[in-house]
Amino acid sequence: MSEQRSVLAEIQDTSVAEDEAVSLTSELIRIDSTNTGDPATVVGERAAAEYVAEKLAEVGYETTYVESGAKGRGNVVARLAGADPSRGALLVHGHLDVVPADASEWSVHPFSGAVQDGYVWGRGAVDMKDMLGMTLATARRFKRDGVVPPRDIIFAFVADEEAGGEYGAQWLVDNRPELFEGATEAISEVGGFSITVKDGVRAYLIETAEKGIAWMRLRVRGRAGHGSMVHEDNAVTRLTQAVARLGAHRFPLVLTDSVREFLAAVTELTGMEFDPEDLDGSVAKLGAVARMVGATLRDTANPTMLTAGYKANVIPSVAEAVVDCRVLPGRQEAFERELDELLGPDVEREWIANLPAVETTFDGHLVDMMTAAVTAEDPGAATLPYMLSGGTDAKSFHTLGIRCFGFAPLRLPADLDFSALFHGVDERVPVDALRFGTRVLDRFLRSS
Ligand SMILES: [Zn+2]
């Protein structure tokens, strides 16, 4: 009994870790780790990794620093031994890189890490140096206080998520899988944040699924010729017709388990009905998250790049386009069939990236502990599963047989357009949300 009480007292006193989460997030933002997508111009991942390693070593962690396939692509992994080595380890992973930011568009410098007006400002504030800060602060606290979690926790801070993980998570999975040995479940970004579903009632969205990312190159070959002549076999004309068909096409509405559960839970919380005859229309009423949820109702194929020709009066023999396709779990084959019908036989297609969708179920001990940790800090709140329309490093870690969740807890103000902050101008995270998230993470990691 008295032991129980002392554990509770410990949990309640997270103020040092909360302060640290704020300062660590701010300091991490000040390390410019811009991932341009071009390995030649990526900066700062090594500095960020070294910073993280130093903060972990300072409190007694043994850390492993790994460069993934190229100079400067830094990753750091550390393990905290748990009470029961027979249980699978929990992986807590986060990426060190951020997308570029143009300082001239921002109200504060994107790499200032300014703490003002109740927010920590800068590139990475929500994607995802906030979670790195909260994770580091909690890891440091556990080590300082001698906390032994129920099972091993593996902390991994990785490079290159913003360009697909070839020099980060995917490289580590392919080349250093032993670093993740025994891991059965994982948490990371784009989940755990709150939405306000009706006055004062919050729901925390836990990512249980991700659409697949399939970037496709289309190519049409025709006959080259003089631009002044009558010409029946113009590659540009035929390619653009196919691209236009694709861009205007609506793929069928498919209600996956994650989305079905999400909508049912919102109905239960709010009484809001989702008319199956007009799901798009009723999802639109969800407010700020409508964009996110709407994109998980069907596959999408958005043309993004066109290349053809080299002179105004020369009809080129080849024309190419790139299309960003996002595919629901279980839909890849049907999606490809539909693509081929739309494109017709003359258009060649190839995948330049094809990362399959991932999906897990919203149940089990880990999910119960997420819910318990959230509701202990926000009584009356609910947790809901949801599908991310984008992709994360979960795509790589999932291939090691790890169940992946998005759980980076943040309690957000009702009027904050959170999804717009990702890769957005004036990206920022509320200081209160970081403090809240640190408390939730502390409870969760002690109990999971
Ligand atoms: Zn991210």
Identify the single condition in (1) farther than 23 Å from Thr371 by Cβ; (2) at pLDDT below 95 that Val243 does not satisfy, given that it satisfies every other one.
(2)
Residue selected from region 178-199 under the condition away from the ligand (no atom under 14 Å from the Cβ) and more than 26 Å from Pro85 (Cα to Cα), by the criterion surrounded by the fewest Cβ atoms within 10 Å (Cβ to Cβ):
Asp199
Restricting to helices (runs of 4 or more DSSP H) lying wholly in region 258-362: which have 3 or more residues that are modelled with pLDDT of 95 or more and buried (at least 16 other Cβ atoms within 10 Å of the Cβ)?
332-343
Within region 128-138, the residues that are among the hydrophobic types (A, V, I, L, M, F, W, C), within 15 Å of the ligand (Cβ to nearest atom) and outside any loop (DSSP other than H, G, I, E, B) are Met131, Leu132, Met134
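Each row is one residue, and each column tells you yes or no for (1) under 26 Å from Asp299 (Cα atoms); (2) among the aliphatic types (A, V, I, L, M); (3) within 16 Å of the ligand (Cβ to nearest atom).
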site: Arg176; (1), (2), (3): no, no, no
site: Val201; (1), (2), (3): no, yes, no
site: Glu207; (1), (2), (3): yes, no, yes
site: Lys211; (1), (2), (3): yes, no, yes
site: Gly227; (1), (2), (3): no, no, no
site: Thr240; (1), (2), (3): yes, no, no
site: His249; (1), (2), (3): yes, no, no
site: Ser258; (1), (2), (3): yes, no, no
site: Ala264; (1), (2), (3): yes, yes, no
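Just checking, does region 146-153 include any residue being within 16 Å of the ligand (Cβ to nearest atom) and under 21 Å from the mean Cα position of the chain (by Cα)?
The first filter runs over region 146-153 and keeps only residues within 16 Å of the ligand (Cβ to nearest atom), leaving none.
No, because not a single residue in region 146-153 is within 16 Å of the ligand (Cβ to nearest atom) and under 21 Å from the mean Cα position of the chain (by Cα).
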So Ala125 ticks every box in (1) in a strand (DSSP E or B); (2) within 14 Å of the ligand (Cβ to nearest atom); (3) of a type outside the set (Ser, Thr, Tyr) but one. Which box is left unticked?
(1)
Pick from region 380-404, criterion part of a loop (DSSP other than H, G, I, E, B) and not hydrophobic (A, V, I, L, M, F, W, C), ranking: nearest to the ligand (Cβ to nearest atom):
Thr392
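For residues in region 420-437 being among the charged types (D, E, K, R) and over 13 Å from Gly118 (Cβ atoms), which is farthest from the ligand (Cβ to nearest atom)?
Asp426
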Give all pairs with beta carbons closer than 7 Å in which a residue from region 123-143 that is touching a residue at least 40 places away in the same chain (Cβ under 8 Å) and farther than 22 Å from His109 by Cα meets a residue that is small (Gly, Ala, Ser) and not in a helix (DSSP H, G or I); count only pairs at least 6 apart in sequence or on separate chains.
Thr135/Gly94; Lys143/Gly60
Can you pull out every residue in region 213-242 that is in a loop (DSSP other than H, G, I, E, B) and not polar (S, T, N, Q)?
Gly222, Arg223, Ala224, Gly227, Met229, Val230, His231, Glu232, Asp233
If you scan region 406-440, which residues turn out to be under 23 Å from Thr371 (Cβ atoms) and small (Gly, Ala, Ser)?
Gly406, Ala408, Ala414, Ser419, Ala433, Gly437
Is at least one residue of region 138-148 more than 21 Å from Gly82 (Cα to Cα), buried (at least 18 other Cβ atoms within 10 Å of the Cβ) and aromatic (Phe, Trp, Tyr)?
no
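Can you tell which of Gly406, Gly401 is farther than 28 Å from Arg140 by Cβ and not basic (Lys, Arg)?
Gly401
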Looking at Ala156, Ala163, Ala101 in this structure, which one is within 16 Å of the ligand (Cβ to nearest atom), closer than 27 Å to Val293 by Cα and modelled with pLDDT of 95 or more?
Ala101
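The values are calculated or read from the model by the stated rules, or taken from the named source; none is laboratory data. All figures in this text were calculated on a predicted structure; none of them were measured in a lab. Methodologically, a virtual Cβ is constructed for each residue, glycine included, from the backbone with ideal geometry; neighbour enumeration extends over all protein chains shown.
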